[in-house]
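Since the structure comes first, as structure tokens, the remarks are kept for the end.
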Amino acid sequence: RYDFELTKAELLLERYTRTFTQWCRDRGVKSRQQSYGRGFFIQEPSLYCDIPEGESWTTNWLRHRLGEEMPDSDYRRGRGYTMIDKYVSSAAHLTGKRLVSCEEMTNTYLVFNTPLELLKIGTDMSAFSGVTHSVWHGFNYMPQDAEFPGWVQYGSYYNENNTWFPYWHLLNEYRARMTSMFMHMDMCTDIAILPANSDLWTEMGVQTEPFPSRLNVPYTSLIWEAIHKTGGGADYVSERIIEQCTVRDGKLCYGDKAYGDIFLVEVKGTNQETLDKLLQFVEGGGRVFCIGTYPIRSLGLKDHEARDARLHATVEKLKRHADRFVLLQKPEDNKYLEWYIDVMQRYNLPHAISIERPDRFLLQNHYRADDRSDVFLFANVNLTEARTTDILFPRALTAGRQAWLYHPADGKRYALKLDGQRLHLDMGPSECFFVVLNRDKGGTPYKPLPLAGTDSVAPTRWQVSLHHKREGWTKTMEMDTLRDLKDTEFVNFMGDATYTTILRLEGRQLPRYLNLGKVCEIAEVTVNGHKVGVRWFGRSVFDVAGLLHAGDNTIEVKVTTLMGNYMQTLKDNKVAQRYVLKRKHPLRSMGLLGPVSLYR
């Protein structure tokens, strides 16, 4: 079976991938490909194309609680990227490509119940996997006379009929700023991972990446996740890539990449040429960590008994280097992050920074910029909970340098004050930013907006004006206590709900901050006629210093809701039936839920 799958992959590489990419080069154009799938090598074709491309999902293959869970029991659940993205980005790293595009954020499940915030954390996860350029998949081109809501095909309904379409530019600008950063730096990865894909071909046949029907080692992606979440960086490699590597100074080198450690993730079968290169690597000072098993067999049928004997002899030679050819047992509780923390400490595995409390939702990548700055991407991909930890930077990175926070949401940068070499990280839900270490000086100090304070006051009465985006009507209601719109007569509303309150203030101790509490979904705030800003993800806290005065103050909060609750009323609409009614989506919360407070 392995011989059969290998022959198919070699033919596709020779007669399609190489032919197509060379044809493009001969004509002076770049090739962009999703170079994987049934019959292909899983990683090698991405080495050849100019713009390797992966694919990611809003609803996590397709519906499993993105931003709410990230278990080790299922490598798909809670992840916005698919398993293929790390293979594609690793191939780009090996060949020095910075542009790694991605078909994002495909979504056939939530569709009309997808907030911009969910798209954001999905793309943050894509960046974590090595993607540098989002290509929104499923913009719904359609004739103008198509029945509402129009055509839907795999997309997250990027359409002018969507309630949040006027704010979509904020997500585009966010991703554009991140891409601009990625185009001027390279991800630092000094650990290699060899997955057991040859065993997969031998035992099960080629699967349909990125949606394999079965996997022989389903926890493979949890290994690279754990390496990054503990301050390190890793790439996937294959047998063919290892065989093309050179060994220099105890490193396995391919192009500009050099790996001092490699993990073999339950690799039972491999090539003799691969083991010979690993033996040379170990003898030169490199380390090989075998998870679960040593290699025990050769690949393919011809002369396999003789080849097996030679492979066994090579494994025995490797075992003589017990400190550099190590067998690791899998964790009995399947908690791979905790398992890797122990392995990293026991064997002093490389990591650029030390993270005091590694967490499944706290993502980290390390980059080296063209100006030799060190750049760290941090993301909290939990939708509702904050993450706090301390980051310890090595002196080699901080000596003579200043720390900066680059915020891609607003394009601003702030000076960060380190406590020695330590940074206290307090990340709100869905928050993502870069920490940069360079020789620039000065700058505006970073001061996070406080979640509470002194002299707190709370509005007590709201007038709510509801403007229905689809039907065009406007209705008003009053609330003494903020309530979820789904618990009112407007349960099936879609559009803008504008909450207005008059707040009387006395004395000179005027509030400086406004905290809206919980908002579903996008909040735009105006105070006394002055536009304060928009919050489309994370904490809805605003700086209102200087906008309030003694006497009566008018505070206006426009909340843009999602479409899903309204779509449930369209019983005769085929699109609504397919994407909402048949899936029995629960009603979603809408509006300003609070509690709202102002404080100093």
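Worth a mention:
- At 1.306 mPa s and 10 °C, Stokes D of the range 64-112 from Kirkwood alpha-carbon radius, µm² per second: 125
- DSSP beta bridge pairing in the chain, given as percent antiparallel to the nearest 5: 75
- Straightening the chain between R395 and D410 buys 2.4 nm, computed as 0.36 nm per residue apart minus the Cα-Cα spacing.
- Inter-label distance for Y154 and I341, nm, one decimal - labels placed 7 Å from Cα along Cα-to-Cβ: 4.0
- Using the Karplus relation 6.51 cos²θ - 1.76 cosθ + 1.60 with θ = phi - 60°, the per-residue 3J(HN,Hα) values for the range 525-538 come to 10, 10, 10, 6, x, 9, 6, 8, x, 10, 10, 10, 7, x Hz, with x marking Gly and Pro.
- In Å, descending, principal axis extents of the Cα set of the range 1-155: 45, 45, 32
- When H407, H133 are compared by accessible surface with a 1.4 Å probe, the order from highest to lowest is H133, H407.
- Rounded to the nearest whole Hz, the Karplus-based 3J(HN,Hα) values (6.51 cos²θ - 1.76 cosθ + 1.60, θ = phi - 60°) of the range 479-488 follow the sequence 10, 7, 10, 4, 10, 5, 4, 6, 9, 10, with x at glycine and proline.
- Of the residues Q33, A409, M590, the one whose Cα sits farthest towards the positive end of the charge dipole of the chain is A409 (charges of +1 on Lys and Arg Cβ, -1 on Asp and Glu Cβ, taken about the Cα centre).
- Listed peptides 208-219, 16-27 by packing density, highest first (mean Cβ within 10 Å): 208-219, 16-27
- Figure note: I502, I555 ranked by solvent-accessible area, largest first, 1.4 Å probe, ligands and nucleic acids not counted: I502, I555.
- Think of the range 323-365 as a dipole: +1 on every Lys or Arg Cβ, -1 on every Asp or Glu Cβ, centred on the Cα centre; then among Y336, I355, V326, V326 lies furthest on the positive end.
- For F325, distant residues with modelled amide H under 5 Å away: V288
- Given charges at beta-carbon only (K, R positive; D, E negative), |dipole| of the range 466-578 in Debye: 400
- Sites C24 and E489, calculated FRET efficiency, Cβ-Cβ separation with R0 41 Å, nearest 0.05: 0.10
- Here the calculated FRET efficiency for T454 and R32, from their Cβ-Cβ distance with R0 = 56 Å, stands at 0.50, rounded to the nearest 0.05.
- Of Y259, A523, N573, farthest towards positive along the dipole that unit charges on Lys, Arg, Asp, Glu beta carbons give the chain: A523
- Scaled radius of gyration (Cα, divided by 2.2 N^0.38 Å) that the range 66-161 gives: 1.22
- Debye intensity ratio I(q)/I(0), log10, the chain, q values 0.06 Å⁻¹ (C-alpha model): -0.36
- Summarising the amide proton neighbourhood of Y513: residues at separation of 5 or more, or on other chains, whose placed amide H is nearer than 5 Å comprise V544, Y599.
- Centre-to-centre separation between the Cα atoms of the range 320-342 and those of the range 384-459: 34 Å.
- Helix axis angle, 272-283 relative to the chain longest principal axis, alpha carbon, degrees: 80
- In this structure, the amide hydrogen of I522, modeled 1.01 Å from its nitrogen in the peptide plane, lies closer than 5 angstrom to those of T560, counting only residues at least 5 positions away or on a different chain.
- Simple Cβ-charge dipole of the range 68-144, Lys/Arg +1 and Asp/Glu -1, about Cα centre, in debye nearest 20: 300
- Each residue was assigned an accessible area with a 1.4 Å probe, and for W462 the value is about 10 Å².
- For the peptides 395-403, 107-115, the ranking by packing is 107-115, 395-403, with the highest mean count of neighbouring Cβ atoms within 10 Å listed first.
- Unit charges on C-beta of K, R, D, E only; dipole of the chain, Debye: 440
- Karplus-derived 3J(HN,Hα), 6.51/-1.76/1.60, for each residue of the range 568-574, Hz, glycine and proline x: 5, 7, 8, 5, 9, 8, 5
The values are calculated or read from the model by the stated rules, or taken from the named source; none is laboratory data. All values reported here derive from a predicted model rather than from experimental measurement. We place every Cβ from the backbone using ideal geometry, glycine too, and count neighbours over all the protein chains shown. These accessible areas exclude ligands, DNA and RNA; they are computed on the full protein's heavy atoms, side chains included. Shrake-Rupley method; radii C 1.70, N 1.55, O 1.52, S 1.80 Å.
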